[in-house]
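J.: Here's a structure for you.
The numbers here are math on the coordinates, done by the rules we state, and not lab data. This is a predicted model, so every value here is computed, not measured. Cβ coordinates were reconstructed from backbone atoms using ideal geometry, including for glycine residues, and neighbour counts include every protein chain displayed.
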Amino acid sequence: MSSQKINHFEFLKKLIVGDEKIGGVLLIWGESGSGKTSFMVRVCKDALKIGKKVLFFDVEGNIKPEDLAEMKKFDNFTYCLHITDINEIVRTIETDLKRDNYDLICFDSIGLAVMSTYVEEANKFQVFQRRANLMSLLTRYALLKGAIVIVSDQPTLEGELGKGRYTYYAKEKWFFKKISASPTATIISVLVTTSRRFGANTNLATIKIDNSGVHIAWKVKV
């Protein structure tokens, strides 16, 4: 399905919740450079273009300056940069969510926030408990407000914690696998880890990132 003919925010929302009037949480994970941030930025741009209110929590600071400048032109875009302490993140999100109603929330990435806090925190278990609390907070907001929440994570954390103890709040978990990379383009495959609608390892989409932008070709229908 052509990347140019559809609005990827609307398509993604139908993939996650169908025609239900509720929201949902999507957790995406993969190696560094596997297109997670680029995917979220593309979805954000499409949401902004149709008047949706977007909150982007940029823990890693990975958004390209030109993409950030484009999104900041919209009054319905809120941007939080490079807060790495998970306790401060929870407080900031609680404040933002009380103040505004968002249609799309992107969090990039929860893995860096956890590991940054883990180094400083004496009680290591509490760090992961706060991670679970953060996911619970985002999930409650999605369900109550009808918002879509996209959270990115790192493969090491998902491998260790993905058995369900800390990530079970996300009913949708997709793996971003880099297929090829060249000086002109990077190709990524999006595969199902967990989904309400699709079986494990279903190929949901192919993403091509080149000088002209981010092109998402969906392999499934809604």
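J.: For the range 7-106, compute Rg over Rh where Rg is the Cα radius of gyration and Rh is the Kirkwood radius from the inverse mean 1/r over Cα pairs.
T.: When Rh is taken as the Kirkwood radius, the ratio is 0.94.
J.: Sticking with the crude label model, points 7 Å out along Cα→Cβ, report the distance from Leu81 to Leu144 in nm, one decimal please.
T.: Between Leu81 and Leu144, the label points sit 3.0 nm apart.
J.: Ok, one more. For the range 47-76, run through the trypsin sites (Lys or Arg not before Pro) and keep only the ones in DSSP coil with at most 10 other Cβ atoms within 10 Å of their Cβ.
T.: Passing both the DSSP loop test and the Cβ count: Lys73.
J.: Kindly state, to the nearest 0.05, the FRET efficiency for Lys73 paired with Thr206, given R0 = 30 Å and r defined as their beta-carbon distance.
T.: FRET efficiency, Lys73 to Thr206: 0.55.
J.: Separate question: For a quick check of your reading of the filter: which GluC sites (Glu not before Pro) in the range 6-67 sit in a DSSP loop and have no more than 15 other Cβ atoms within 10 Å?
T.: The qualifying sites are Glu20, Glu31.
J.: So how far apart, in nm, are the two label points at Ile179 and Arg91 if each is 7 Å from Cα heading toward Cβ?
T.: With each label point 7 Å from Cα toward Cβ, the separation is 4.6 nm.
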